[in-house]
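Step one of this worksheet: look at the structure below.
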Amino acid sequence: MGDLGTDGKRKLGEMVETPFFTFSKPYLDFIDKGKIFSLIYIVMAVINLLIPFGILFNVVGSGVLRYGGARFAVTFIFSWIVIAFACWIGFQLWWDRRKKVAILASSEFIATPVFSEILQTIGEWLGTLVGIIGAGVGLIASIVLGRDASYLFGAIGLGFLNLGIATVIIGPVIGFFIIMIFRFFAEQLKLFASLVNNTKEIAKNLKNNANGA
């Protein structure tokens, strides 16, 4: 009976190691090692490269350039350059931060510190876009188009920044507060994760000291 039990366990162990039971292992390792978080940063970096072209296709497809005349078209071209520059900064931000999140994903507690880093990066990204586009496009559109600048902001999907020449100042201010607010909440999560790690380290040291005594 003992031999049969041992043989059965051996066969069961061999069975669970077959491809039918282990084909999902690469995916499970992908999640367990935190690589999925780096993928988020890569996807967001690529999205930043696609945003300017998405805006370009949307504006051209809407036909607003035909009705706006040459002045509107020239303004949009210069504004698009500003948008492309802002998105290029956004691309660099996400691409660079993927290295930091890879380091965080190697620790025992992954989700909280990584989520706080993603939250902070989102705030820095949004704040940067709003600040650069608000100042750059606001200045160009207000000088060239005047009151008609609202049509341009509406065409590129940033109608909330249609504040006239004041957008040059208000855009960066809004961007600054976006960065600060997101960073504040991100730091609260980092503080919580740090307290957990420190508490665990203290408990480990106390246990080691007690065993040594």
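What follows draws every value from the coordinates through simple rules; no lab data is involved. From a predicted model like this one, the values you see are computed outputs, not experimental measurements. Cβ coordinates were reconstructed from backbone atoms using ideal geometry, including for glycine residues, and neighbour counts include every protein chain displayed.
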Seminar exercise, completed: A correct fewest-to-most ranking of SER79, SER150, SER142, SER62 by other Cβ atoms within 10 Å would be SER62, SER150, SER142, SER79
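For ILE181 and ARG66, calculate 0.36 nm times their separation in residues minus their Cα-Cα distance, and state this gained length in nm to one decimal. Each step should come with its number before you reach the end.
On the way: separation 115, 0.36 × 115 = 41.40 nm, distance 4.05 nm.
Additional length available on full extension: 37.3 nm.
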Exercise. When the label point is put 7 Å from the Cα of LEU56 along its Cα-to-beta-carbon vector, which residues of the range 127-159 have a backbone N closer than 16 Å?
Worked result: 156
Exercise. Which order results if ASP148, ASP96 are arranged by neighbouring Cβ count within 10 Å, fewest first?
Worked result: ASP96, ASP148
Seminar exercise, completed: Exposure-ranked with fewest Cβ neighbours within 10 Å first, ILE40, ILE179 stand as ILE40, ILE179
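May I ask you to compute the full-extension gain from PHE192 to ALA84, defined as 0.36 nm times their residue separation minus their alpha-carbon distance, rounded to one decimal in nm?
On the way: separation 108, 0.36 × 108 = 38.88 nm, distance 3.71 nm.
In short, 35.2 nm is gained.
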Problem set entry | Compactness of the range 46-191, expressed as Rg and Dmax over alpha-carbon positions, Å | 17.6, 59
